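Engineer: Before I ask anything, here is the structure I am working with.
The values are calculated or read from the model by the stated rules, or taken from the named source; none is laboratory data. In this text, all values refer to a predicted model and were calculated from it rather than measured experimentally. Note that we place each Cβ from the backbone using ideal geometry, even for glycine, and neighbour counts take in every protein chain shown. These area figures cover heavy atoms from the full protein model, side chains too; ligands, DNA and RNA do not enter into them. Shrake-Rupley method; radii C 1.70, N 1.55, O 1.52, S 1.80 Å.
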Amino acid sequence: MIREVPFWTSQRFLTAIVTFWGFAVLYLQRVNLSIAMVCMIKSPYKGNTTSGNFTYFNETLDNLTLTTTLKPLSYCDSLELKQAAAADDTGEFEWDKELQGLLLGSFFWGYLVLQIPGGILSERYGPRRVVMYTMMPAAVLGLLSPISARASPWLFLVVRVLIGVGESALYPAAQALFARWSPPSERTRLVGVSLSGGQFGNALMFPMGGLLCSSLGWDSVFYVMGAIGFVWCLVWFFLVYDSPSLSRRISPLERGYIQHHVLFRDGVKPPPIPWLAIFKSLPFWSILIGHTCGNYGLYMLLTQIPTYMKEVMKFDLKTNGAFSMLPYLCMWLFISIAGVTADLFITRNIFSRVTTRKIMSSVGLFGPAICMVGLTFMDCTQQVGAVVLLCGTVGLSGVAFAGYMVNHGDIAPQFAGTLFGITNVAATIPGIFAPYIVGAVTKNKTREEWQIAFFIAAAIYVFGGLFYALFAKTSLESWAKPPTPKQADGSESQNMIEMNKGTNSV
């Protein structure tokens, strides 16, 4: 039966591809400010290219004559002077580091709002409309971002918060969607393909954003990303369906195959959410802790890589965009490979499901921690090494997408959207604090300050990896088991069984 059902030309794979581009759009609009910020802010060198903020000037040059008091320029200082000479007048704003960190983190304030409601609404009313009615306003607000930024940084902050609200339903909605569309033997692959779109969007954003900034101005970054988001919403609405039984494009063979292997049934009223049991579940907490700790490092780098590349590695804007892309291309690649590998481990009985999840999560948490420690020893004379370690940090994080990121569907498939919403609320909080913490720690933009930021992130990665390895499970939780025939509507269940028999015989 399985070999007769197509995969690459199937509706479930098409659903995964459209969702892939949805996550790409989400990250294009989430990360656009990180790259745009580099050219939105006025250069500190303009009008005083001799001072900058070099430590050997002691940052107090107002009444001094620069004669014998200067120390010889290091290689890194010479690169910084080149940045000063290349500085232009494209920057419009004089926002300090704290305000920049506040704006970069503001998206995540709104991103908290619909994580749990988005999952519940998707389970009850279907993910198709939930995503359409939230992502479309976010795209429109993206188009309005330059106007709000020029009007007031606080109005811009409000717009960023609202964009976060609009995009906050996509992750839990996707979990609910694939609880209906993915047989267990394909779940890691289909969910992995979909979620990897976010990292592809990251990779695309950095060079595209750098090119748009340098050629058309920073506001073009928001206009282009908003327009892409608007078009994707239309594609989503016309190509994606809430379940196989509602799809007009699916073959009877594929419909019967999916319905035979998933618990979801259209028309069956979802059971009440067992809130107390969920929060008493240690396997659930292992997912939440792993997800939260992994996201701290990811969100820190997501918002700060361009700034790190500029302040410590001394890359110019175009080079910055190109090299900032590489870590997310690696992550996209690792997510795709990890999904296929995990399914292979499970279907061929190489490892049990729980061992597979723990292996993938350990690689995705301990690996980045090791790379981050290595980053603390890099300076601008070791640019290649720093980029390689950044690729390792971000890339290896993608392996966890075959671990804790799909574990919700293992322990409670019918509540997967709600569970992901809960864990993603906790995992979004680092996105609020990480940019602000880094901004506060790196006020003087020195390598030593960035070392502190990286050590903090590495320690958080390790804690998450240990907790997940100790307490994760993949067996169906008792509170998540589907209702028995006595609890369910007997006539409706019988009708569904008959329908499945009919489709399986096609």
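Engineer: Answer with yes or no whether LYS358 is closer than 30 Å to CYS213 by Cβ, buried (at least 19 other Cβ atoms within 10 Å of the Cβ) and among the basic types (Lys, Arg).
Structural biologist: no
Yes/no per residue for (1) surrounded by 15 or more Cβ atoms within 10 Å (Cβ to Cβ); (2) without any contact (Cβ under 8 Å) to a residue 24 or more places away in the chain; (3) not small (Gly, Ala, Ser):
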site	(1), (2), (3)
LEU212	yes, yes, yes
MET225	yes, no, yes
CYS233	yes, no, yes
TRP275	no, yes, yes
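Engineer: Under the condition of being modelled with pLDDT of 90 or more and open to solvent by 20 Å² or more (accessible area, probe 1.4 Å), which residue from region 158-203 is farthest from ARG348 (Cα to Cα)?
Structural biologist: VAL158
Engineer: Being assigned to a helix (DSSP H, G or I) and at pLDDT below 85, is that true of even one residue in region 400-410?
Structural biologist: Checked region 400-410: at least one residue is assigned to a helix (DSSP H, G or I) and at pLDDT below 85.
Engineer: Looking at GLY395, GLY385, can you tell me which residue is surrounded by 24 or more Cβ atoms within 10 Å (Cβ to Cβ) and more than 12 Å from GLY290 (Cβ to Cβ)?
Structural biologist: GLY395
Engineer: Is there a residue in region 113-134 that is open to solvent by 10 Å² or more (accessible area, probe 1.4 Å), over 30 Å from GLN259 (Cβ atoms) and either acidic (Asp, Glu) or at pLDDT below 95 (or both)?
Structural biologist: yes
Engineer: Moving on. So which residues in region 105-127 are β-branched (Val, Ile, Thr) and in a helix (DSSP H, G or I)?
Structural biologist: The answer is ILE116, ILE120.
Engineer: Residues LYS280, LYS314: which one is open to solvent by 10 Å² or more (accessible area, probe 1.4 Å), touching a residue at least 12 places away in the same chain (Cβ under 8 Å) and out of contact with any strand residue (DSSP E or B) (no Cβ under 9 Å at 6 or more places or on another chain)?
Structural biologist: Of the residues listed, the single one that is open to solvent by 10 Å² or more (accessible area, probe 1.4 Å), touching a residue at least 12 places away in the same chain (Cβ under 8 Å) and out of contact with any strand residue (DSSP E or B) (no Cβ under 9 Å at 6 or more places or on another chain) is LYS314.
Engineer: Same structure, new question: Out of curiosity, is THR418 polar (S, T, N, Q) and modelled with pLDDT under 85?
Structural biologist: Spelling it out, it is not the case that THR418 is polar (S, T, N, Q) and modelled with pLDDT under 85.
Engineer: Restricting to region 147-157, count the residues that are part of a helix (DSSP H, G or I) and open to solvent by 30 Å² or more (accessible area, probe 1.4 Å).
Structural biologist: Number of matching residues: 6.
Engineer: List pairs: first in region 236-256 and within 19 Å of TYR125 (Cβ to Cβ), second among the acidic types (Asp, Glu) and open to solvent by 10 Å² or more (accessible area, probe 1.4 Å), Cβ under 6 Å, 6+ apart or cross-chain?
Structural biologist: Going by the 6 Å Cβ cut-off, the qualifying pairs are SER243/ASP266; SER245/ASP266.
Engineer: What number of residues within region 421-450 are more than 28 Å from SER286 (Cβ to Cβ) and touching a residue at least 60 places away in the same chain (Cβ under 8 Å)?
Structural biologist: Residues in region 421-450 being more than 28 Å from SER286 (Cβ to Cβ) and touching a residue at least 60 places away in the same chain (Cβ under 8 Å): 9 in total.
Engineer: Here's another thing I want to ask about it. Pick from THR341, THR418: which is open to solvent by 10 Å² or more (accessible area, probe 1.4 Å) and either part of a helix (DSSP H, G or I) or over 22 Å from ILE287 (Cβ atoms) (or both)?
Structural biologist: THR341
Engineer: Based on this model, can you work out whether LEU396 counts as of a type in the set (A, V, I, L, M), under 17 Å from the mean Cα position of the chain (by Cα) and in a helix (DSSP H, G or I)?
Structural biologist: Against the criterion (of a type in the set (A, V, I, L, M), under 17 Å from the mean Cα position of the chain (by Cα) and in a helix (DSSP H, G or I)), LEU396 qualifies.
Engineer: Taking interchain pairs and intrachain pairs at least six residues apart, which have beta carbon atoms under 7 angstrom, with the first residue in region 355-383 and over 17 Å from GLY465 (Cβ atoms) and of a type outside the set (A, V, I, L, M) and the second open to solvent by less than 10 Å² (accessible area, probe 1.4 Å) and part of a helix (DSSP H, G or I)?
Structural biologist: THR376/PHE454
Engineer: Quick one: is VAL441 more than 29 Å from LEU333 (Cβ to Cβ), of a type in the set (A, V, I, L, M) and surrounded by fewer than 24 Cβ atoms within 10 Å (Cβ to Cβ)?
Structural biologist: yes
Engineer: Now for a different question. Working only within region 323-338, note down all residues that are under 19 Å from THR356 (Cα atoms) and open to solvent by 40 Å² or more (accessible area, probe 1.4 Å).
Structural biologist: Across region 323-338, the qualifying residues are LEU333, PHE334, SER336, ILE337.
Engineer: Just to check your reading of the model, which residue among GLY105, GLY101 is at pLDDT below 90, more than 29 Å from LEU234 (Cα to Cα), open to solvent by less than 20 Å² (accessible area, probe 1.4 Å) and touching a Pro at 6+ places or on another chain (Cβ under 8 Å)?
Structural biologist: Just one listed residue meets the conditions, GLY101.
Engineer: Part of a helix (DSSP H, G or I), closer than 23 Å to CYS371 by Cα and not basic (Lys, Arg): is that true of ILE258 in this structure?
Structural biologist: Answer is no for this residue.
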